[in-house]
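Novice: Following this message is one structure expressed as structure tokens.
The values are calculated or read from the model by the stated rules, or taken from the named source; none is laboratory data. Just so we're clear, the structure is a prediction, and the values are computed from it rather than from any experiment. Heads up, the Cβs are rebuilt from the backbone with ideal geometry, glycines too, and the neighbour counts pull from every protein chain shown. For the accessible areas, the whole protein counts, side chains as well, though only heavy atoms, and no ligand, DNA or RNA atoms are used. Shrake-Rupley method; radii C 1.70, N 1.55, O 1.52, S 1.80 Å.
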Amino acid sequence: MDSYVAGAWRSPQGETQAVLDSSTGVEVARLPLAPVPAAEALEYARSSGAGLRALSFHERAALLKKLGTYLLERKDALYELSAQAGATKRDSAVDIDGGAGTLLSYASKGRRELPAGSLVVDGPVEPLGKTGAFLGQHVLTPRTGAVLQVNAFNFPVWGMLEKLAPAFLAGMPSVCKPAPQTAYVTEACVRLMVESGLLPDGALQLLIGGTDGLLDGLTSQDVLAFT
């Protein structure tokens, strides 16, 4: 299994471990055991995140809709891998169709509930003096960090996309660390998304490997999301 860091796919370096088909016991992937380059991925997300933040809410929502539709049109390949991981067809529908549907849902919410610009006004204008010469108003803007998501084995697609969608809509890049048992399903989904050409630079990275040092590079501008 490969990681996707700084806009490029990286093959495993060093020792790997076999991941087996849950039904046949046949090897389906090799899991790298070396620690993931989390600090590098987070730094790249921060440095390249300006492109995503420059888009309006409605532009981000439009991209989410296209991504969700793109995945639904190519879901059969993900279903095959999901079955190898031990999922029933119903399990796969919840994970794969549900994940893509989450992108579509947030796309709809972004278009209907958020303004056309790239910031949200938080409350009315407040007078800051008796004469009305000074006024103040709060606005919400994206953080300049990244979302590091650590996901469980049972929803390798939906677990990633349910965190990606709100982060993307909020203008924050995502760095995904999937569970090792089903990371090859997540990898296949990320490959589809990268191949779509719809993702702004640095909007999504994938880390597959050991967890040593995974959280060390986080700052006050970053978000940590667990399943």
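Novice: Subtracting the Cα-Cα distance from 0.36 nm times the residue separation, let me have the gained length for ALA77 to VAL223 in nm, one decimal.
Specialist: Once the chain is fully extended between ALA77 and VAL223, it gains 49.4 nm.
Novice: As a check on your grasp of the helix formula, calculate [θ] at 222 nm for the chain: sum -39500 (n - 2.57) over DSSP H runs of n ≥ 4, divide by the residue count, round to the nearest 500.
Specialist: Computed ellipticity for the chain at 222 nm equals -12000 deg cm²/dmol.
Novice: Using the Cα centre as the reference, give the magnitude of the dipole from point charges on the C-beta atoms of the chain (Lys, Arg: +1; Asp, Glu: -1; all else neutral), rounded to the nearest 20 debye.
Specialist: Working: 19 positive and 23 negative charges, 157 e Å.
Computed charge dipole of the chain: roughly 760 debye.
Novice: Within 15 Å, Cβ to Cβ, of VAL94, how many net charges do the neighbouring residues add up to if Lys/Arg are +1 and Asp/Glu are -1?
Specialist: Neighbour charge sum, excluding VAL94 itself: -1.
Novice: Let me cross-check THR141: its accessible surface, 1.4 Å probe, with only protein heavy atoms counted, in Å² to the nearest 10?
Specialist: Roll a 1.4 Å probe over it and THR141 shows about 90 Å².
Novice: Please work out the FRET efficiency for the pair LEU140 and SER56, using the Cβ-Cβ distance as r and a Förster radius of 22 Å; give the result to the nearest 0.05.
Specialist: Values: r = 14 Å, r/R0 = 0.64.
After rounding to 0.05, the efficiency reads 0.95.
Novice: Which entry in [x] -0.65, -1.31; [y] -0.74, -1.33; [z] -0.98, -1.36 is this structure's computed log10 I(q)/I(0) by the Debye sum over Cα atoms at q = 0.12, 0.18 Å⁻¹?
Specialist: [x]
Novice: OK, next. Sequence gap at least 6, Cα distance under 8 Å: using those rules, report the relative contact order of segment 46-179 to the nearest whole percent. All intermediate terms of the calculation are to be shown ahead of the outcome.
Specialist: Details: 196 pairs, mean separation 43.7, N = 134.
Once divided by the residue count of segment 46-179, the mean separation gives 33 percent.
Novice: Percent relative contact order of the chain, based on C-alpha pairs within less than 8 angstrom and at least six residues apart? Display every interim value, and only then the final one.
Specialist: On the way: 437 pairs, mean separation 69.0, N = 227.
30 percent.
Novice: Over segment 118-159, what is the relative contact order in whole percent, taking alpha-carbon pairs under 8 Å and six or more residues apart?
Specialist: Numbers: 35 pairs, mean separation 14.0, N = 42.
Here the relative contact order equals 33 percent.
Novice: Step through the residues of segment 28-33 one at a time and calculate ³J(HN,Hα) from phi using the Karplus curve (6.51 cos²θ - 1.76 cosθ + 1.60, θ = phi - 60°), rounding each to whole Hz and writing x for Gly and Pro.
Specialist: 10, 6, 10, 9, x, 9
Novice: Additional query: On average, how much accessible surface per residue is there in the chain, in Å², for a 1.4 Å probe, leaving out ligands, DNA and RNA?
Specialist: 48 Å²
Novice: Please report the carbon-and-sulfur percent of the accessible area for segment 86-227; probe 1.4 Å, protein heavy atoms only, DNA, RNA and ligands left out. Walk me through the numbers on the way to the answer.
Specialist: Working: 3840 of 6630 Å².
For segment 86-227, the apolar C and S fraction of the accessible surface comes to 58 percent.
Novice: I've got another one for you. If the elastic network links every pair of Cα atoms under 10 Å, which of GLY210, GLY68, GLY132 fluctuates the most in the Gaussian network model of the chain?
Specialist: Sorting by GNM fluctuation, first place goes to GLY132.
Novice: If you don't mind, another one. Of LYS109/LYS163; LYS65/LYS177; LYS66/LYS109; LYS65/LYS163; LYS66/LYS177, which pairs sit farther than 20 Å apart, going by alpha carbon to alpha carbon?
Specialist: LYS65/LYS177; LYS66/LYS177, as the Cα separations exceed 20 Å there.
Novice: Only Cα pairs within less than 10 Å get springs; with that Gaussian network setup on the chain, which residue of GLN17, GLN137, GLN149 has the largest fluctuation?
Specialist: The residue with the greatest mean-square fluctuation here is GLN137.
Novice: Let me ask something else. Which value, to two decimals, describes the C-alpha radius of gyration of segment 155-227 once divided by 2.2 N^0.38 Å?
Specialist: 1.08
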